1. With a ≥ b ≥ c taken as the square roots of the eigenvalues of the C-alpha gyration tensor of the stretch A:85-241, please select rounded if a/c is under 1.5 and otherwise prolate if a/b is larger than b/c or oblate if it is not?
2. As an exercise, use a Förster radius of 56 Å and the Cβ-Cβ distance of A:Glu544 and B:Met55 to find the FRET efficiency, rounded to the nearest 0.05.
3. Size of the dipole of the protein assembly as shown about the Cα centre, Lys and Arg at +1 and Asp and Glu at -1 on the beta carbon, nothing else charged, in debye to 20?
4. Given just the C-alpha atoms of the stretch A:217-323, how large is their convex hull per residue in cubic angstrom?
5. Could you work out how far the C-alpha centroid of the stretch A:45-82 sits from that of the stretch A:369-408, in angstrom?
6. Quick one: go through the stretch A:180-215 and flag any residue whose amide nitrogen is under 11 Å from the point 7 Å out along the Cα-to-Cβ line of A:Glu173.
7. Summarise the partner chain shielding of A:496-507 as one whole number: the mean count of Cβ atoms from other chains within 10 Å of each residue's Cβ.
8. Using Cβ counts within 10 Å as a stand-in for footprinting exposure, how do A:Asp378, A:Asp136, A:Asp363 rank, fewest first?
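Just so you know, all these numbers are worked out from the coordinates, no wet-lab data involved. Owing to the predicted nature of the structure, the values given are computational and were not obtained by experimental measurement. Ideal geometry is used to build each Cβ from the backbone, glycine not excepted, and the neighbour counts take in all protein chains shown.
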Amino acid sequence: MKISQKWLQNYFDTLLPSAEKLDDVLTFHAFEIEEASGDMLDVKVLPNRAADCLSHRGIAKELSAILDIPLKNDPLRSDVGTYDVPTSLKVEIEDPKKCLRYMGGVVKGVKVGPSPAWLKEALEAVEQRSINNIVDATNYVMLDIGQPLHAFDAGKLEMKEGKYAILVRGAKEDEKITTLSNEEFNLNSGALLITDAHSGGAIGIAGVKGGKSAEVTADTTDLIVESANFEGTSIRRTAQALRLSTDASQRFQNRPSPELAAYGMRDVLTLITDIAGGEVIGVVDEYPASPERSREVSVTLEKINSVLGSDFSNIEVEDALKRLALPYMVVNDTFTVTPPFERTDLTIPEDLVEEVGRIVGYDRIPATELPPIFSTPDQTRYRGIERMRDQMVEQGYTEVSTQSFAKKGDIALANPLDKAKPALRTSLEQNLQEALAQAKYYAPLVLAPNEKPKLFEVGTVFPKEGEHIELRMTERVVAWGDKADVVDNLSVAKLEDYGKEYEPKRYELGTYKPFSVYPFITRDIALWIPEETEAREPERIIRENAGELLVRLDQFDRFEKEGKVSLAFRLVFESMERTLTDDEVNGVMEKISAALRAAGYEVR
Amino acid sequence: MSSPGRLHPITVAIREMADIFGRMGFGVVQGPELETEHYNFDALNIPEDHSSRDMWDTFWIKTRESEEKKVLRTHTSPMQIRWLESHGAPTRIVVPGKCFRNEATDMTHEAQFYQLEGLAVDTDVTLAHLKGTLERFCKEYFGSDAKVRFRPSYFPFTEPSVEVDVWFSAQQKWLEVMGAGMVHPKVLENAGVDAEKYQGFAFGLGVERFVMIKYGIPDIRLFHSGDIRFNYAFDEKKV
């Protein structure tokens, strides 16, 4: 949710602290800030607070609690106002489970035009585009208090016997609608529509986006203003099916209270008549869900401290509740809170524990070690598997980890990421063969010249009989005899005795040394040295003259003949920045040969 | 006899983590990678069609109409339910294992990664114990000057929920490393544990992320590429 600091400031007489400070206090007591630039803070509102905090009012309320500064005026605590019931509008809801409330306000004689500067600036500050004064008013109130709103051009609806009629109904199979952005959508029967009951035509996708057919334009004079509450699941399914996520759908799918609709209607009608003139004829309020009874949630001081491991006092808890402006009663250390309608997230004692914890601050929670425990679960299978791994390593095998997706398999993904690999592997064999081919190529970089790579993997495979953990190696372990297989099912192997007392080997690793994405080049060099020469000496000369492109040097052969010793070395060259050329490496080799000759050795 | 091979760095890390938590009384258990919708979501208080499901980009398995819906587990948390159902409370476990998220890969995101879940349930386990446990873990894993701090967060299966940051002295900054919290009473009840009597904490850390921070690895995609150069990109010393 993009929040403008200037907009927030409207809520306070006290000057708000700097953006850095706001970022800091919100991060540690409420929400992370995804981005801050100039006046704008992008607040990552948590899903459980999306019902009330996808709004400037919601964020202002949080800051009021965290910083302990009062709100100048809380729009959700002030009088919601009353309106006449207009004779010119009828509203009907087909399924009260999907539309919990529908308020329709009738406004006559508005003058559509550009918004005043303050409104344009406010919307632009949160990266919204100004359209015209009517549309801007609905967007502003939504961003201010969180209630999605919509204005229809009443003149584009049919009137019969002096009445407009709105019907909130399910879409017919394959019903079409063109939205305000001129996109045509084919709807499924699950989608909820706002329709003109007289013409039967759709004028909006409920809770998602308005329709083109009743768009407010420069010629519009009469409005029907919608402030409604649509059920979250239905909106979520429609928005997902249409791949159309909007400010409205995001709010409805988080189930704000239907009570909020009345505040939205009040604020938007006030703003419209302020900036576009006109007269409010009245408001229809279809509220089949009827106001929810206020729920009470209780928690004891003892519960708070026993969950948090804290030593908060009654006074601290009361202070947190007061700052959050949560109405409460306290009797014998039991706090009974009656959450205001917009706090739909507060339903169980643990919710209150969290409120107190985050407002007082998690830095006040001590770090306490767990007491000793006298029984730990049986870990023999884990240890048995680790022992198998250690055995493989001891036999010279290197462990690889590969991807679980495969070209073919018994179990298919409904939504693969890589279309070429839509199934789950049934065996590690294919991946291991590919890894081996790669390993053979890279072997000179990581293994001595007389060693060839042997690989193993321990991983889950998914044949149709069900998943199991497979151990597979690229070749048989010679020491295990002719009958040893290259594969084992570690989910059923008898590892109980094998793992029982086993302590898996532990390794300390050094800092990661990146390897090059460019090809390497190998060169061998052999030389005769006098028998009495220190073996390290030729190696030192090679390193000294090879420069930084030499990434590996192995001596791989040595024999003696007629008082002389023959040594053979393999050199591996590689650059982190580029592909080396043969000429370049030949140059280095000539330099090395020359240096070895100069030291009196015979290069063969 | 050839010279020994090398373990994969993830194996090395999981062993080290298991050891540290083992000293605090946690045992290692493992669970399936192919999960039912029930264990991966519903039992963890993440109902169908709830916006909180958007927190996980999920790989769904092709199933028939009549079959229970299955997913590649998006986290190791389903083992909280499976383990409590079969073993009850009190308990302390860590669950290392591969998890899957259907999201585009880049230097810090992989569709397949390892998570290590932690769960401690008893009559008197608190958020302070969570802090103490994670602080000790981070000191032993990263070094004695590591510190942890909590920030408010939200997960459907914990209440309160926190985001955990670690002070990483080598970079002189706080790094976000995992989500955690007190097990939601509904989760305990869903697993058949008396939530009036027992409470507990849970956390889920990304193993690759910890390894990347500890050893300075720039790209998560190096881990599961099957490339043996990755195994040899570290000096290795037996402990």
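1. Details: a/c = 1.66, a/b = 1.24, b/c = 1.34.
It comes out oblate by the Cα gyration axes.
2. On the way: r = 57 Å, r/R0 = 1.01.
E(calc), rounded to 0.05, equals 0.50.
3. On the way: 101 positive and 137 negative charges, 246 e Å.
Result for the protein assembly as shown is approximately 1180 debye, rounded to the nearest 20.
4. Numbers: hull volume 21.1 nm³, N = 107.
That works out to 197 Å³ per residue.
5. So the separation of the two Cα centres works out to 50 Å.
6. Answer for the stretch A:180-215: A:189.
7. Working: counts 0, 0, 0, 0, 0, 0, 0, 2, 9, 6, 8, 13.
Counting other chains' Cβ atoms within 10 Å and averaging over A:496-507 gives 3.
8. Values: A:Asp378 15, A:Asp136 24, A:Asp363 9.
Taking fewest neighbouring Cβ atoms as first place, the list is A:Asp363, A:Asp378, A:Asp136.
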